[in-house]
1. How many percent of the accessible area of the range 615-657 is carbon or sulfur, using a 1.4 Å probe?
2. Give the long-range amide H neighbours of Phe163: residues separated by 5 or more places, or on another chain, with amide H under 5 Å away, using H modelled in the peptide plane at 1.01 Å from N.
3. Just the accessible area for Trp804, please: 1.4 Å probe, Å², rounded to the nearest 10?
4. Under a point-charge model restricted to the Cβ atoms of Lys and Arg (+1) and Asp and Glu (-1), what is the dipole moment magnitude of the range 707-847 relative to its Cα centre, in debye to the nearest 20?
5. Between Leu132 and residues 5 or more places away or on another chain, which pairs have amide H atoms under 5 Å apart, with H built 1.01 Å from N, and which residues are they?
6. Full extension from Thr820 to His737: what is 0.36 nm times the residue separation minus their Cα-Cα distance, to one decimal in nm?
7. So how far apart, in nm, are the two label points at Arg158 and Arg137 if each is 7 Å from Cα heading toward Cβ?
8. Testing the spin-label approximation: label points 7 Å from Cα along Cα→Cβ at Ser714 and Asn253. State their distance in nm.
Amino acid sequence: MKTQPFVKSLIRVAAICNRGYKALFRLYVSKTGENRDQTFLCSSSMVNSVKAKCGIYAACWGFIPQHSAVVFAIALVTMTGVMGHKLYNQPQLQEEAIARETIVAPYTASIENKYKTELLRETARDNSRQWLMLDNRVNETVEQNLQQLLQQGNQVRRTAGSFPFFDTNILHPLTQSFLRSASEEEWKQLLISLQDGNQNVARDEKPLGVAVANPTNGILTQIPAVDITTPNPDFKQALSQLQLYRATTSPQNLRSLIEIIEKKRTMYAQAKAKLAVIRQSKLGKILYNDTSVLNFSDDEWSKIQLSILQSTQLILAQGIHPGLPQENLEYVINLHLEKLESVIPASAKVWANQLLVSVLQPNLTIDEQKTELQADKAAAKIQPVMVTVEKGELIVTKGQIITAWDLAVLENYNLIRREINWLGLTYLASAIAAAISVYALVEKRLQIRLRQSDRFLVLLLALSCPSLLVIGIPFATWSAVGLLLGSFYGRKLGITVMGLLLILLLPMKLEVGNTAIIAGAAGGILGTCMAQHLRSREELAVLGFGISLTEGGVYLLFKVMLGTAFTPTSYLVFQEAGLLALSGLGWSIVALGLSPYLEKLFDLVTPIRLAELASPNRPLLKRLAKQAPGTFQHTLFVATLAEAAAKELGCNVDLIRAGTLYHDIGKMHDPMAFIENQMGGPNKHETEINDPWLSADIIKKHVSEGLIMARKHSLPTAIQAFIPEHQGTMQIAYFYHQAQELAKDNPTLQVKEADFRYEGPIPQSRESGILMLADSCEAALRSLRDATPEKALNMVNNILRARWTDNQLSDSGLTRQEMTKIAEIFVRVWQQFHHKRIAYPKLKANS
């Protein structure tokens, strides 16, 4: 049995955290030769509280491999160290706690009373003046409403026609206004008076109904009697002016004038009907409650509109405070209208005032930034309130409740007695240990084979988020961590790390809001989900923009849900969202820049790097195509078979494509020793060597030489693994049987099967296992010409069965059922390459 030193250290920490308990215990780890399970053996005297706090270590230790112990310890210590920074220097004495002893001042000191200082500064902030700014949106709304109301007035006036409609030297504008707006009875009575010259209507009499001829067409019309005992002065003036016009002009001109008046009366009635519709609106009811808008002349109306627009712009430019009383606003409007007295007639001022009062709105809003800046300046002018504490002065009495001021004085004298909060650290370490346990369980369940360096990189990336958050920076590395984890290890492991970080960070009292953490985590999860599906740096750059929008959008969405997005300080919310979006983009760019270096440093493969390695323009592949063209063609066909099988079985297609292209690069050390490069020429093993042992060594050497070339060209370890594993420990059957035949003729020769087997290892992954099968079947399938699919499938199954019975696939993870599926896929690909063609007729050459 072997004791793990770091586990003993953890137990010591737990013992210190529970100093009240005097029980000691030891932790031993027992190992078995095959499964390497670890088990905790604890002293029976361990108290329940210690078991509760330390049990989490035992729980996670059971499924963390022994070789991962160091990484586990480093992760636990570093994560606890970073996230528990506030627990290292916590005071024993707290505000509102009861003092355990009487404490006096050891010497005279001047101490700032931070509470009173802050109170004075807050008062200065509150009393500082507010900065106002014009709200252009309100201005636009006011101008639009004004234009709409004036446009309604224009439409009504167009319906009523131009005014005045006749020569003002003959008919006064007031007379013309009366004539088109008079009642039907007054108008008919006016016509009667013009027809017979009867002056009774001008006196206080009641005329009887008579039949008169219409002066315009001569048709007799029965006019009912009209009661005009109190005649309208406008009626008298209109009648007088019409009679005067009748006396000075011809009957034809009089009839023309009456026709014009009749037409204007009809148009005026239509205009009044439109006004009735407009009055149904809120503003229309105020502005068009009478027909004053129709009584202005065309020239007056143009000047009124221009003056109203100018006054509106001036008033809005000066600004209208939200708290301005209505009477004050009316006073300001009157001042502006009085300045335009020479332009606007007196009769229009009342209407214009009503219009402006109804349209104008407060357009001044608080400029939060300038107001806050002004408040900060006012607060900065307040000097700290200093209090002198004399030597021997009583600070706190035993049994007294400690106030904030008492705590500040004790802090100044370093009497607050700070210490490490071991209990808090223990609880935090337990939570982190549980998170690491979950991560280890997910890694085991997903059957992800990570090296120690991989786990160390995951730790570094995970540690970057809380490292920034604990110092109060909300723009943590979520997007970079998500992109890198997704690219390096896949979305499931990335989501696990992101989720654990999110769960750990939210309950902590950090200087960063939970909304910012959730928004950052959302961007990181998007990055880790999408990164492994991308095949170029350009696509990753586009993903960076998507992450940026996600972080900003999620932050705004949560603020809207919490009701803090649309407040007087909403611009701060949008500013924070914009900064989060920019940080997401910035960290994505950092991830793109770091990715190639991390790939090299930690020997990682990503879809992008695999795509780059699979490019035919890579120097090593160009050499292979030139020096061993037959091997290169063999490699391409094997890659086609392996990719098809990998896609069907859900394996890493990018990895198997790149690994296949490099699996036979070692054949470049002696290309002519391999039949695919001989192009039908003499076989050097028969013409030159004639030694099966030497030939086997040459054949086996393509593995060792391939590894040398792969290391020289810095190929990733994952790619290098395909070189020896695709041959495993298979037998070089041709030369083995040749050696056996020679041994029959020469009994002194000893034939050892190990001399004719590759050194291995056998395939350690599903991808390298598929490559072994594809490499074994390639030559056999290529040799088939007119065979049926059933014959080809039977041959492939025999080859795969031979590899299975030879235990070449025992560590690959491939199942017997998958072997059958792989055989069918290989035959299907072979059929696609060797499909039948149409027999074209032979054409005779032209003589």
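1. 50
2. Residues meeting the amide H criterion: Asp298.
3. Surface accessible to solvent at Trp804 totals approximately 80 Å².
4. Numbers: 18 positive and 15 negative charges, 166 e Å.
With Lys and Arg at +1 and Asp and Glu at -1, about 800 debye.
5. Asp367
6. Details: separation 83, 0.36 × 83 = 29.88 nm, distance 2.91 nm.
Result for the pair: 27.0 nm of gain on full extension.
7. 3.3
8. For the pair Ser714/Asn253, the computed spacing is 10.9 nm.
The values are calculated or read from the model by the stated rules, or taken from the named source; none is laboratory data. Keep in mind that what you see is a predicted model, and the values were worked out from it rather than measured. Note: ideal-geometry Cβ built from the backbone for every residue, glycine included; neighbour counts use all protein chains shown. The area values use the complete protein model at the heavy-atom level, side chains included, leaving out ligands, DNA and RNA. Shrake-Rupley method; radii C 1.70, N 1.55, O 1.52, S 1.80 Å.
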